[in-house]
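In what follows, a structure is listed as structure tokens, so that the remarks can point back to it.
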Amino acid sequence: MAISGAVHGKSGVSRLERLSEGLLPFAARLLISAIFVQGALGKITGWSGQAEYMASHGMRFIPPLLAAALVIEVLGTVALLTGYQARAAAFAMFLYLGIVSVMLHNFWALSGMSAGANQTAFMKNLGIMGGLLLISAFGPGRWAIGARRS
């Protein structure tokens, strides 16, 4: 039973179980947040460029939509990083990213290299959306503000 003793601590909880409840969900939240930090900074430092990109896709009401996107990205990132209200934030960000993906990465309506680049961005967003759904379903893990301790 040497293996059992090495894997399980005094409380009978394995190291892997502790990792999967603490460090691993926290690392996942950090990694998923990175793209939203980049997006928020891009909106802050390049507002007009973002607005032009949205206009090039036929979008209207750009200033309020861009402001809403910035708020979602900033508040959502804070929630993901801290773990506070992470489930709700992850679900809101899932919905937001789905809308963004369809509106701004509509590769099916494009051709050539532009279609390929937008398909890659679209598929990347689907992967991020999967991670957001996991956080929404299973929560932020133990390393989160407001997490229940057992």
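Some values worked out for this structure:
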| quantity | calculated |
| --- | --- |
| Selected residue (only one of Leu16, Leu95 is within 26 Å of Gly130 (Cβ to Cβ) and at pLDDT below 95) | Leu16 |
| Looking only at segment 86-123, and only at residues there that are within 22 Å of Ala51 (Cα to Cα) and not in a helix (DSSP H, G or I), the one that is farthest from the chain's Cα centre (by Cα) | Leu110 |
| Top-ranked residue in segment 58-72 [being of a type in the set (Gly, Ala, Ser) and surrounded by fewer than 18 Cβ atoms within 10 Å (Cβ to Cβ); ranked as nearest to Ala144 (Cα to Cα)] | Ala68 |
| Criterion: farther than 26 Å from Met103 by Cα, surrounded by 13 or more Cβ atoms within 10 Å (Cβ to Cβ) and without any contact (Cβ under 8 Å) to a residue 60 or more places away in the chain - qualifying residue of Ala40, Ala27 | Ala27 |
| Members of segment 73-85 that are crowded, with 21+ Cβ neighbours inside 10 Å and either within 11 Å of the chain's Cα centre (by Cα) or under 24 Å from Ile62 (Cα atoms) (or both) | Glu73, Gly76, Thr77, Ala79, Leu80 |
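Condition check ((1) surrounded by 12 or more Cβ atoms within 10 Å (Cβ to Cβ); (2) without any contact (Cβ under 8 Å) to a residue 40 or more places away in the chain; (3) farther than 20 Å from Ala34 by Cβ; (4) of a type in the set (A, V, I, L, M, F, W, C)) across all residues:
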residue: Met113; (1), (2), (3), (4): no, yes, yes, yes
residue: Asn118; (1), (2), (3), (4): yes, yes, yes, no
residue: Met123; (1), (2), (3), (4): yes, yes, no, yes
residue: Ile128; (1), (2), (3), (4): yes, no, no, yes
residue: Pro140; (1), (2), (3), (4): yes, no, no, no
residue: Ala144; (1), (2), (3), (4): yes, no, no, yes
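The values are calculated or read from the model by the stated rules, or taken from the named source; none is laboratory data. This one's a predicted model, so the numbers in the text were calculated from it and none came from an experiment. Quick reminder, even Gly has a Cβ in these numbers, built from the backbone with ideal geometry, and neighbours come from all protein chains shown.
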